[in-house]
Amino acid sequence: MFAQTSFYIRGQLGKLPAPAVVYLGYSVDGEAVYDSAYVENGFFKIMQYVPYPVNALLMVSRNGEPVNFFSSKNIAHLYIEPGANIWLTSDEDISNFEATGSKTQDEYLVYQTHMAEINAKIDALTEESSNTMFSDVSTQGIAAKRNYMERFRAAMEERKLKMKEFIQQNPEMYISIDILDEYAGAFIEYSDIEPLYKILSDKTKKSIRGKAFQKKLLESKQAAVGTEAPDFTQKDPDGNKVTLSSFKGKLVLLNFWGSWNSASRIENQELKQIMKAYDNKKIVVINVGLEARREHWTKALSEDRLIGYNVSDVKFMKNEVAELYRISAVPQNVLIDETGKIIARNLKGKQLEEKLNSLIGK
């Protein structure tokens, strides 16, 4: 088995001297794998095992001390694969590397080129988000946040279209299964994703990753647009029960959020602004908090003053309503019509306003 799944990385990082260490990290089926190698006069060698191609991280510690993989710029993303014999060269900053010997890495470089322009746009928007705008709660500040969120969403939508385009143009590349997994996101929209999965090569679909994704794809039919919204009862902060089916005859927006998630908190403020325009006799908002600690939830509720009903079972990501609706990340939302059918998922900002206007007007 090892002969089939082992890979080698040999490399030279300029003339980087001892006691430098190269650290390797990657994930296989959710399990983290770590390894390291000493650098001698710039050279290092690592041998490990992997059952299928994965995107690994390589990082250098100049003084040999353990490092945090996610806190340094001196980092390389490299696709490793079974049987690969990879030769990596760089100056003393490993992020400047070039590599040969991994077919999947060659595919990844094609993908990076395809995505370069939109990724640069998103990087610029991310930089913009670090300014003081997000601590400004004035009317002007909230308007600036909404403007920023619309521009950021538009850029992310453009990125998704570029990802979809790459998959459609390169279905024979193994890397397309990883891109499809990222494109699908936290909630798989079956009608959109199934045709993309279908065009992948038979070899990819029969791979470990391909079969695992197919399982997720089939499971995504639960709580999809067009299906009956699963009923639930959950308690508000005062212990009162809130039951979805009691709102039959009204539109219901389920807002899944977390006090610990900054994007959720921003979207909560935006949602408040949006909902001011609509009659609460026609639409109900139920904010489902994915919380681990009750005091954090109630503190955030006091700060954000959310519109509608607030419920949580304080089971964090195992929240029973979230599991019913296949929510594995926040913020997300689900729009349910007067008959109890799911009619949309994850409409944000102007998209949500346009949908509500078409259903109930202002």
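The values are calculated or read from the model by the stated rules, or taken from the named source; none is laboratory data. None of these values were measured; they are calculated from a predicted model. Ideal geometry is used to build each Cβ from the backbone, glycine not excepted, and the neighbour counts take in all protein chains shown. To get the accessible areas, we keep the full protein, side chains included, count just its heavy atoms, and leave off ligands, DNA and RNA. Shrake-Rupley method; radii C 1.70, N 1.55, O 1.52, S 1.80 Å.
Figures for the structure shown
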{"quantity": "Residue within region 275-290 that is open to solvent by 40 Å² or more (accessible area, probe 1.4 Å), hydroxyl-bearing (Ser, Thr, Tyr) and either part of a helix (DSSP H, G or I) or touching a helix residue (DSSP H, G or I) at 6+ places or on another chain (Cβ under 8 Å) (or both) present", "calculated": "no"}
{"quantity": "Test: residue 67 is part of a loop (DSSP other than H, G, I, E, B) and farther than 15 Å from residue 88 by Cβ", "calculated": "yes"}
{"quantity": "Scope region 61-85; condition over 24 Å from residue 177 (Cβ atoms) and open to solvent by less than 10 Å² (accessible area, probe 1.4 Å); matching residues", "calculated": "61"}
{"quantity": "Residues that are open to solvent by 20 Å² or more (accessible area, probe 1.4 Å) and either under 14 Å from residue 66 (Cα atoms) or touching a His at 6+ places or on another chain (Cβ under 7 Å) (or both), drawn from region 2-44", "calculated": "19, 23, 34, 35, 36, 38"}
{"quantity": "Residue list for region 143-197, filter: of a type in the set (A, V, I, L, M, F, W, C) and under 13 Å from the mean Cα position of the chain (by Cα)", "calculated": "156, 179, 180, 184, 186, 187, 188"}
{"quantity": "Neighbours by Cβ (under 6 Å, 6+ apart or cross-chain): first from region 298-324, surrounded by 17 or more Cβ atoms within 10 Å (Cβ to Cβ); second part of a helix (DSSP H, G or I)", "calculated": "304/268; 306/268; 307/272; 307/275; 310/301; 312/297; 313/320"}
{"quantity": "Tabulated pairs, region 142-161, first open to solvent by less than 60 Å² (accessible area, probe 1.4 Å), second part of a helix (DSSP H, G or I) and small (Gly, Ala, Ser), C-beta under 8 angstrom, 6+ apart or interchain", "calculated": "146/349; 149/349; 150/349; 153/349"}
{"quantity": "Residue count for region 213-255, restricted to those that are touching a residue at least 12 places away in the same chain (Cβ under 8 Å), in a helix (DSSP H, G or I), open to solvent by 50 Å² or more (accessible area, probe 1.4 Å) and not charged (D, E, K, R)", "calculated": "2"}
{"quantity": "Residue check, residue 47 part of a strand (DSSP E or B) and loosely packed, with under 14 Cβ neighbours inside 10 Å", "calculated": "yes"}
{"quantity": "Selection count where residues are open to solvent by less than 50 Å² (accessible area, probe 1.4 Å), part of a loop (DSSP other than H, G, I, E, B) and at pLDDT 95 or above, scope region 184-206", "calculated": "2"}
{"quantity": "Matching option when the condition is modelled with pLDDT of 95 or more, closer than 26 Å to residue 182 by Cα and over 20 Å from the mean Cα position of the chain (by Cα), among 335, 254", "calculated": "335"}
{"quantity": "Qualifying positions in region 167-180 - surrounded by 14 or more Cβ atoms within 10 Å (Cβ to Cβ), in a helix (DSSP H, G or I) and either modelled with pLDDT under 95 or of a type in the set (S, T, N, Q) (or both)", "calculated": "176"}
{"quantity": "Residue check, residue 263 in a loop (DSSP other than H, G, I, E, B) and surrounded by fewer than 22 Cβ atoms within 10 Å (Cβ to Cβ)", "calculated": "no"}
{"quantity": "Residue tally, condition under 24 Å from the mean Cα position of the chain (by Cα) and in contact (Cβ under 8 Å) with a residue 24 or more places away in the chain, over region 52-76", "calculated": "9"}
{"quantity": "Hits in region 291-319 (condition: out of contact with any helix residue (DSSP H, G or I) (no Cβ under 9 Å at 6 or more places or on another chain) and of a type in the set (S, T, N, Q))", "calculated": "298, 302, 319"}
{"quantity": "Total residues in region 335-362, condition crowded, with 16+ Cβ neighbours inside 10 Å, within 18 Å of residue 151 (Cβ to Cβ) and of a type in the set (D, E, K, R)", "calculated": "2"}
{"quantity": "Check on residue 338, part of a loop (DSSP other than H, G, I, E, B), charged (D, E, K, R) and over 15 Å from residue 234 (Cβ atoms)", "calculated": "yes"}
